[in-house]
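Let me begin by presenting the structure, written as structure tokens, before commenting on it.
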Amino acid sequence: MIAADTVLSLLVLVCLAMLLGAYALWRRQRGSKQAALMLVLAAVVAANIAIWVVPGSGGKALVSAKPD
């Protein structure tokens with residue numbers, strides 16, 4: 001089974017790759033739809049990372065919570 005830390009690390013790398021890819025597409029094609037979609041995907045991935053990492057009202061993050 002893959003550890004949560006590994007998955008979160010891969011998601012951060014995917015987010016950075018999407019941002020760099022969107023920038024490269026925008027520079028090459030000047031405002032293409034694919035670049036905008038890559039930015040939206042990077043925002044969705046970043047939101048998912050934040051949901052798992054940012055502590056909730058109980059003071060614990062989902063990534064560190066133990067299953068019952």
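The values are calculated or read from the model by the stated rules, or taken from the named source; none is laboratory data. Keep in mind it's a predicted model, so treat the numbers as computed, not measured. Backbone-built Cβ (ideal geometry, glycine too); neighbour counts: all protein chains shown. Protein only, heavy atoms only, side chains kept; ligands, DNA and RNA dropped before computing areas. Shrake-Rupley method; radii C 1.70, N 1.55, O 1.52, S 1.80 Å.
What residues of the stretch 1-22 lie in the reach of a label at Gln34, counting those whose backbone N is under 11 Å from a point 7 Å from the Cα along Cα→Cβ?
Under 11 Å, as judged by backbone N against the label point of Gln34, lie 22 of the stretch 1-22.
In the chain, carbon and sulfur make up what percent of the accessible area (probe 1.4 Å)? Mind showing how you got there, number by number?
Details: 3720 of 5340 Å².
The C+S portion of the solvent-accessible surface of the chain is 70 percent.
Need the full-extension length gain, Ile2 to Trp52, defined as separation in residues times 0.36 nm minus the C-alpha distance. One decimal, nm.
16.4 nm
Could you give the C-alpha radius of gyration of the chain expressed as a fraction of 2.2 N^0.38 Å, taking N as the number of residues it contains?
For the chain, the normalised Cα radius of gyration is 1.40.
Given a 1.4 angstrom probe, what's the average accessible area per residue across the chain, in square angstrom? All intermediate terms of the calculation are to be shown ahead of the outcome.
Details: 5340 Å² over 68 residues.
That works out to 78 Å² per residue.
I need the phi-derived Karplus couplings for the stretch 13-21: 6.51 cos²θ - 1.76 cosθ + 1.60, θ = phi - 60°, integer Hz, Gly and Pro marked x.
Once θ is set to phi - 60°, the couplings for the stretch 13-21 become 5, 5, 4, 5, 5, 5, 5, 5, x Hz.
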